[in-house]
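Asker: Below is one structure. I have some questions about it.
Nothing in this text is a laboratory measurement; each read-out follows from the coordinates by a stated rule. Owing to the predicted nature of the structure, the values given are computational and were not obtained by experimental measurement. No Cβ is skipped: glycine too gets one built from the backbone with ideal geometry, and neighbour counts run over all protein chains shown.
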Amino acid sequence: MRKIKTAILGATGMIGQNYLYLLLNHPWFQITSLTGGESAGKRYGAASRWLMSPDMPKQFKDVIVKPTEPKEVDADIIFSALPTSAAKVVEPKFAEAGFHIISDSSAFRQYDDVPVVIPEVNPDHLSIIDIQKRKRKWDGFIASNPNCTALGLTIALKPIHDLLKINKVVITTMQALSGAGLPGVPSLSITDNVIPFIAEEEEKVQLEPCKILGSIEEDRIKPADIRVEASCNRVPTIDGHLESVYVETKERVDIDRVKDTLVSFKGKPQEQKLPMAPAQPIIVREEEDRPQPRLDRLAGSVPGMGVTVGRIRRGSDANSLWLHVLSHNTIRGGSGSSILLGELMVALKIIQ
Ligand SMILES: NC(=O)c1ccc[n+]([C@@H]2O[C@H](COP(=O)([O-])OP(=O)(O)OC[C@H]3O[C@@H](n4cnc5c(N)ncnc54)[C@H](OP(=O)(O)O)[C@@H]3O)[C@@H](O)[C@H]2O)c1
């Protein structure tokens with residue numbers, strides 16, 4: 001198979017670096033363009049403050065970072081790791097010029113004609129892309145990866161919602177430092193500390209699961225009728241967002257059935273054996289003190305793509321339960337999920 005030409009917008013940032021690493025030996029995608037903002041025109045090795053282990057892949061060190069403009073890019077698929085402010089301006093220009101964009105930013109997630117997709121949860125929402133192209137007169141399109149916190153939460157909620165119909169979710173998050181991107185939270189603010197606020201995060205965590213769990217009705221996505229309330233906190237872990245989740249359901253909770261449903265949950269990526277798909281999207285831990293960020297963030301047969309759920313227990317009445325959810329924010333919550341979405345679009349021939 002001919003490899004699919006792939007561009008990374010915002011390639012020097014936290015998520016951009018993850019793309020370089022995860023796509024290094026990808027069987028379908030080959031990186032052909034890297035773009036940046038202030039780093040445009042420089043060699044990638046000089047422009048990027050590489051923070052990942054292992055070292056920066058040798059083949060990218062001398063690649064010149066291009067300006068983030070359509071005429072500079074040669075690609076069949078674009079992964080956009082731009083900040084929201086830049087994505088708002090830049091991504092429509094690429095879509096108008098015919099490029100297929102999968103975006104990690106929140107810039108277009110709130111629009112009816114932009115699908116926010118978790119490949120295992122709502123691949124049917126990709127049908128909205130045709131409406132988007134028609135309505136906006138674009139040859140290309142924008143599809144969105146969800147917010148990194150909403151993503152782990154929604155994967156865990158999907159099988160529970162299918163089983164018991166969820167009414168309400170209350171979530172408190174403990175979010176890792178890498179979630180803030182580069183240069184990140186000042187060390188003097190976060191060392192020996194927890195910051196009980198992350199700008200604009202609670203709004204995203206409250207809205208996005210309802211859109212993702214919603215249904216397509218009359219050419220638009222009708223959000224699921226679930227009330228989600230969130231409190232978001234920044235904690236001094238490096239990677240891996242941990243979430244304490246309370247769920248109220250329409251039907252009575254049987255904890256063993258909930259566990260079975262979570263463990264056996266699979267989606268199209270598993271059916272199609274896509275390269276980035278973990279064999280099991282949800283891993284259930286029985287120990288009373290798991291999941292933990294340091295121990296569980298790289299869970300999954302594809303490291304970092306498994307969502308770990310633990311401390312599953314009854315709430316105070318028969319229609320409620322508690323659980324903890326952990327997912328790797330830059331892999332499952334960022335580039336890993338976007339790559340999986342790209343693979344799904346290739347498998348479905350949305351991208352050729
Ligand atoms: N960090 C996470 O865990 C995470 C997870 C999921 C989604 N996201 C989302 O992914 C996106 C990237 O996040 P990040 O953490 O990687 O951010 P980051 O570390 O701040 O990186 C931002 C990248 O965008 C480039 N850029 C900034 N302004 C630009 C402009 N005006 N034009 C062109 N390029 C510009 C930067 O290039 P220069 O260095 O050349 O300026 C850099 O490569 C954000 O929308 C974020 O919300 C982040």
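Asker: Just the Cα atoms of segment 142-297, one point each, no solvent: what log10 I(q)/I(0) does Debye give at q = 0.17, 0.20 Å⁻¹?
Answerer: Treating every Cα as an identical point scatterer, log10 I(q)/I(0) equals -1.16, -1.47.
Asker: Right, here's the next one. Rg to Rh ratio, segment 143-206, alpha-carbon atoms and Kirkwood radius?
Answerer: Reported Rg/Rh (Cα atoms, Kirkwood Rh): 1.05.
Asker: For a quick size check, give me the Cα extents of the chain along its three principal axes, largest first, whole Å.
Answerer: Its Cα atoms span 60, 51, 36 Å along the three principal axes.
Asker: How big is the Cα convex hull of segment 29-144 in projection, averaged over all directions, in nm²? Could the numbers behind the result be given before it?
Answerer: Working: hull surface 32.4 nm².
One quarter of the hull surface, i.e. the mean projection, equals 8.1 nm².
Asker: Take every Cα-Cα pair in segment 166-239 and report what % of them are more than 21 Å apart.
Answerer: 40 percent
Asker: I would also like to ask the following. Compute the Cα gyration tensor for segment 1-96, then decide on rounded, prolate or oblate, letting a ≥ b ≥ c be the square roots of its eigenvalues: rounded whenever a/c is under 1.5, prolate when a/b is larger than b/c in the other cases, and oblate in all that remain.
Answerer: Judged from the Cα gyration tensor, segment 1-96 comes out oblate (a/c at least 1.5, b/c at or above a/b).
Asker: Subtract the Cα-Cα distance of Gln59 and Glu96 from 0.36 nm times their separation in residues, and report this length gain in nm to one decimal.
Answerer: Details: separation 37, 0.36 × 37 = 13.32 nm, distance 3.10 nm.
Net length gain for the segment: 10.2 nm.
Asker: May I ask you to compute the full-extension gain from Leu295 to Met1, defined as 0.36 nm times their residue separation minus their alpha-carbon distance, rounded to one decimal in nm?
Answerer: 102.1 nm
Asker: Could you calculate, for segment 253-299, the ratio of the Cα radius of gyration to the Kirkwood radius, expressed as Rg to Rh?
Answerer: The Rg/Rh ratio comes out at 1.03.
Asker: Compute the relative contact order of segment 287-334 as a whole-number percentage, counting only Cα pairs closer than 8 Å that sit 6 or more residues apart in sequence.
Answerer: Over segment 287-334, the number comes to 36 percent.
Asker: Pick from Gly342, Gly184, Gly45: which residue has the top mean-square fluctuation in a GNM of the chain where Cα pairs under 10 Å get a spring?
Answerer: Comparing Gly342, Gly184, Gly45 in the GNM, the peak value goes to Gly184.
Asker: Please list the non-local residues whose amide H lies under 5 Å from the amide H of Ser103, H modeled 1.01 Å from N, same-chain partners needing a gap of 5 or more.
Answerer: The answer is Ser80, Ala143, Ser144, Asn145.
Asker: Could you give me the ³J(HN,Hα) list for segment 8-14, computed from phi with Karplus coefficients 6.51, -1.76, 1.60 and θ = phi - 60°, whole Hz, x at Gly and Pro?
Answerer: 10, 8, x, 6, 8, x, 4
Asker: Alpha carbons only, please: Rg and Dmax for segment 230-352, in angstrom.
Answerer: 15.7, 51
Asker: If you take the C-alpha gyration tensor of segment 79-180, multiply each eigenvalue by 5 and take the square root, what semi-axes do you get, largest first, in whole Å? Each step should come with its number before you reach the end.
Answerer: On the way: eigenvalues 144, 67, 18 Å².
They are 27, 18, 10 Å, listed largest first.
Asker: Which residues among segment 119-155 fall inside the zone where the amide N is under 19 Å from a point 7 Å beyond the Cα of Asp219, along Cα→Cβ?
Answerer: The answer is 125-142, whose backbone nitrogens lie closer than 19 Å to the label point.
Asker: Still on this structure, please answer the following. Could you work out the relative contact order of the chain? I mean the mean sequence separation of Cα pairs under 8 Å and 6+ apart, divided by the number of residues, in percent.
Answerer: Details: 816 pairs, mean separation 58.4, N = 352.
Contact order relative to length: 17 percent.
Asker: Set the Förster distance to 30 Å, then compute FRET efficiency between Glu203 and Ala318 from the Cβ-Cβ distance, nearest 0.05.
Answerer: On the way: r = 32 Å, r/R0 = 1.05.
The computed FRET efficiency comes out at 0.40.
Asker: Using all alpha carbons of segment 214-302, what is the percent of pairwise distances in each 5 Å bin, ordered from the shortest bin to the longest?
Answerer: That works out to 2, 9, 13, 17, 21, 21, 13, 3, 1, 0, in percent per bin.
Asker: Moving on to the next point. Would you work out the relative contact order for segment 248-297, in percent, from Cα pairs under 8 angstrom that are 6 or more residues apart? Walk me through the numbers on the way to the answer.
Answerer: Numbers: 20 pairs, mean separation 15.3, N = 50.
Rounded, it is 31 percent for segment 248-297.
Asker: Straight distance only, please: which lysines reach the Cα of Lys61 with their own Cα at less than 30 Å, same-chain residues fewer than 8 apart left out?
Answerer: By straight Cα distance, Lys61 reaches Lys3, Lys5, Lys42, Lys71, Lys88, Lys93.
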